[in-house]
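Have a look at the structure below, then the notes.
Readers should treat all values here as calculations from the given coordinates under stated rules, not as data from a laboratory. As the structure is a prediction and not an experimental result, all values here were calculated from the model. Because the Cβ atoms are built from the backbone with ideal geometry, glycine has one as well, and the counts that use them run over all protein chains shown.
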Amino acid sequence: MSQKPFLIRHLEGEKLGRFPVWMMRQAGRYLSSYRELRKNHSFWEMVSSPELAAKVSLLPLEELSVDAVIFFSDILTLPYGLGLPIEMRESVGPVLTSPLTKLQDFEVFKTFQAEEHTGFVGEALVKIKKQLSAETALLGFAGAPWTVACYLVEGKSNRNFPQIKGWMYQDPQTFFAALDLLSEATVKYLIQQKRSGVDAVQIFDTWLSEMPRTIFNKFYVPLMNRLFSQVRESGLKVIYFAKGSCHLLEDFRQLHCDVLSVDQTVDLLSVEKLTQAQFALQGNLDPVLLLKADSGLVRRETRLLVQEARQLKRPAILNLGHGILPATPLENAKAFIEEARTQWI
């Protein structure tokens, strides 16, 4: 039987001498090799071509000794694969020209079949897995139902989310029925990734910061626990990243995931205390530090992060508090990864 990757063994409690480390958005625009490829291909062309997606996913390994590769894709790949008209516009982000505004619109997710609609994802993952060492974890991911719906209902990102919040407040029953349909498709999508070789998955809930606590507890916790439980039953570790959601940390104790990924606004020890050490934690160096500081300061702050992680009761994964920013100097990314790997525990 093949050996599990370093990151998975660490999460399972093996004493391996140091913390695993990787970065969100590590296969992105801070790499000159990515920018060169991007000149000749549209974003969706890169996502939907197994050869290109695999190549981009592996680019970080040419520069950084990360312990995990997260495959190159997007949280809207599932609806894109279903044929929803999602455009990626420079300086704007994803734009859906025909927003989904009622329960019937979400019934399209009943038709989702992973091999048919996102088969290119599975092909890319198989290609990536073949090129990874046994020590390097392959991470899959998906957008959480609420965050994906924020784009699908609004049509594009904005500050106030009037359409989705209006629907949620006026008719929570049909709104969360719509999210259930999206959630069921997401489970199929993540299990496809498991079949294609991923070792763990991260679920991105970037806009959970916009959900009120009462609604989170009444409607969203049961929905997310159904999703988490079904994915974990397939044998996958599940990492949950809910940016800007400190108002919900005590309520996260109800969640059935394995790892909480923590943003840079709160320290790891506080999260552990509020969640009663129920989860392994991942995080949480500020991406702006890598963007603006010199490499010496990056190394110092990384050492401080390691010192904090050593005090946790559960295993920790070193990462950023959100995705690495496009203009980040490569030497700062290297400083973070190198310093993290040389700090023993």
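Here are a few things to note about the model shown:
- The alpha carbon convex hull volume per residue for the stretch 236-345 rounds to 101 Å³.
- Theoretical ellipticity at 222 nm over the chain - DSSP helices of four or more residues, -39500 (n - 2.57) apiece, nearest 500: -12500 deg cm²/dmol
- Alpha-carbon centroids, the stretch 275-345 and the stretch 56-97: separation in whole Å: 23
- Size of the stretch 20-66: Rg and Dmax of its alpha carbons, in Å, are 10.7, 34.
- Put simply, the Cα atoms of the stretch 227-271 extend 32, 17, 16 Å along their principal axes, the longest span coming first.
- Ellipsoid fit via the Cα gyration tensor, the stretch 1-129: semi-axes of 30, 20, 14 Å, each the root of five times an eigenvalue, largest first.
- In this calculation the C-beta distance from Trp344 to Leu304 is compared with R0 = 22 Å, giving a FRET efficiency of 0.90.
- Cross-link pairs beyond the 19 Å C-alpha cut-off, checked among Lys165/Lys273; Lys110/Lys194; Lys188/Lys218; Lys15/Lys313; Lys218/Lys313; Lys292/Lys334: Lys165/Lys273; Lys110/Lys194; Lys188/Lys218; Lys218/Lys313
- Full-stretch length increase - Arg195, Glu51 - with 0.36 nm per residue and alpha-carbon distance subtracted: 50.0 nm
- Counted over all Cα-Cα pairs of the stretch 116-230, pairs farther apart than 26 Å make up 28 percent.
- Estimated FRET transfer efficiency when R0 is 56 angstrom, pair Tyr169-Glu62 (beta carbons, to 0.05): 0.70
- Averaging 1/r across all pairs of distinct Cα atoms in the stretch 206-246 and inverting the result yields a Kirkwood radius of 11.2 Å.
- Scattering curve values for the stretch 178-232, log₁₀ I(q)/I(0), Debye with Cα scatterers, q = 0.12, 0.20, 0.26 Å⁻¹: -0.31, -0.78, -1.13
- Cross-link reach is defined here as a Cα-Cα straight distance under 21 Å, omitting same-chain residues fewer than 8 places apart; for Lys39 the lysines meeting it are Lys55.
- FRET efficiency for the Gln311 to Arg253 pair, using the beta carbon distance and R₀ = 25 Å, is estimated at 0.80.
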